[in-house]
Amino acid sequence: QVRANVIVVGAGPGGLMAAYCLKAAGCKVTVIERCSLENVCGDVGGAYDISESTREVFHHIGLGEEFDALKGKMEGFTMVNAVSGELFKDAQFNGVFLAGLRRSELQKVLFKAVGEDCLVCGSPVSKVEQNENSVTVTLENDIQYTADFLIGADGIRSSVLKNLFPEEYEKTLKFANCVSYWGFFDYKEEYGDIMKPGYGLSIQAPGSMIGGGVHGDGKEAVWAALIKADEPKHSETKLSPEELKNEAIEIFQHYKPESVPKMMRNTDPEKIFKVHVYDRDPLTTWHKERCLLIGDAAHGMNPFAGQGANMAIIDGFLISTILYRNLQFSQAGNISSQILKKAFTKFEKLRKEPATANLNQARGTADLVLNSGPIKFWMFRTVIWMTPQTYLSKFLFKADAQNHPALRECGIEMKKN
């Protein structure tokens, strides 16, 4: 057994943010990640929409230069009608910050800051046990780690959640009625009719949409497609890269303009991926004794609010700040359960309502996009077309405003957009 102040389960952006902040505060940290060390900084999903709140956090903790070096800032969104191929809205952000970043590049910043020395990779968590003074994690390879407390940041299918609240783990997981395909490809000027540097892309058709954007270096781009599915249909056998590519092209081949299916055809099959999208109904609580859930482990949501990564990162920052104010990290074994309960309760009070609001917004947007017939689709486009830029910008950044109370608690005052 190896003893630490805290075990962080999950080396995604939320887990690494918590680990970095706690380690900087003098905490003895062990980070446990189920995937191999080589894959910690891999890409999961098309890209992250990273908000101004998250940027402020990176600057606040001393990683602002590293964050800004990633570039990816967007000036607005180009909205295209996939039925006609016509542009129906060029939405400007009016100076509000939003960046499209690959998971891998954001992970590398946090991974380098945390350091490899505290990471344990390559074996999933099988058991979480607690007593009056500590929490012990047993991995599938039978190695055990013990700490004063645990932060579960291991995603929507969290092993920590499954151990703490097995009934809620099963009943709260919901299929989000959509399937996502995404791919990375070499950007060329011939895609400029729909995709241009500095702008996000939103191509919409009844029951589906494609988003995307050009990487900050102008060389690579990403497309990410979402299409309605009434129930998950997992293949009995894994599709080959070529078969998966052909499946995506067949679904979206009628999208206009022609550059939409063309960018799919020009994507390397090895760089095309597919997932069934899930979210979770709100959990009754996010903590139990010496364990706390953050990020998707606590409030898994679909991508339609663009807040999954942002909320996880701010969760990690907030709980670290609360713990730093209430604890003195020295020799492991001296942290009382009452102090932890007070800190976890405060965290949950600050984050649960905003998380539920963003979950509901994400589900509402998904319903609007995925369940739209021709008439509803026309009405949606017309409303977007008629909405003034100022009001549209406020709507687009409404979800990020849910993070402001947490930042205020940490001494960061965000301006109203």
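The values are calculated or read from the model by the stated rules, or taken from the named source; none is laboratory data. Just so it is clear, the structure is predicted and the values come from calculations on it, not from any experiment. Cβ: placed from backbone, ideal geometry, glycine included. Neighbour counts: every protein chain shown. Side chains are part of the model used for accessible areas, which takes the heavy atoms of the whole protein and leaves out ligands, DNA and RNA. Shrake-Rupley method; radii C 1.70, N 1.55, O 1.52, S 1.80 Å.
Largest first, the three principal axis extents of the alpha carbons in segment 1-83 are 60, 28, 17 Å in whole numbers.
Charge dipole (Cα centre; +1 on Lys/Arg Cβ, -1 on Asp/Glu Cβ; no other charges) of the chain amounts to roughly 1060 debye.
Sparsely packed loop sites in segment 124-211 (the GluC sites (Glu not before Pro) outside DSSP H, G, I, E and B with at most 14 other Cβ atoms within 10 Å) comprise E132, E140.
Between Y181, Y145, N163, the Cα set farthest toward the positive side of the dipole of segment 50-182 (charges on each charged residue's Cβ, about the Cα centre) is that of Y181.
Normalising the Debye intensity of segment 340-417 to I(0), with uniform scatterers on Cα atoms only, and taking log10 at q = 0.18, 0.20, 0.24 Å⁻¹ returns -0.87, -0.97, -1.15. Over all pairs of different C-alpha atoms, segment 183-247 has a mean inverse distance whose reciprocal, the Kirkwood radius, equals 13.7 Å. If only the Cβ of Lys and Arg carry +1 and only the Cβ of Asp and Glu carry -1, the dipole of segment 41-84 around its Cα centre is close to 140 debye.
Can you pull the percent of the chain's accessible area that's carbon plus sulfur, 1.4 Å probe, other chains left in place? Roughly 50 percent of what the probe reaches on the chain is carbon or sulfur.
Calculate I(q)/I(0) for segment 68-204 by the Debye formula, one identical point scatterer on each C-alpha and no solvent, and give its log10 at q = 0.12, 0.15 Å⁻¹ to two decimals. Rounded to two decimals, the profile gives -0.80, -0.98.
Principal axis extents of the Cα atoms in segment 67-140, from largest to smallest and rounded to whole angstrom, are 60, 32, 26. Think of each Lys and Arg Cβ as +1 and each Asp and Glu Cβ as -1; about the Cα centre, that makes the dipole of segment 248-380 roughly 420 debye. Taking every DSSP beta bridge that has both ends in the chain, the antiparallel portion is near 70%. The largest-to-smallest principal axis extents of the Cα set in segment 167-307 are 56, 36, 28 Å.
Does anyone have the angle between helix 241-252 and the longest principal axis of the chain? Alpha-carbon axes, 0 to 90°, nearest 10? The angle comes out at about 50 degrees. Building the convex hull from the alpha-carbon atoms of the chain and averaging its projection over directions returns 19.2 nm².
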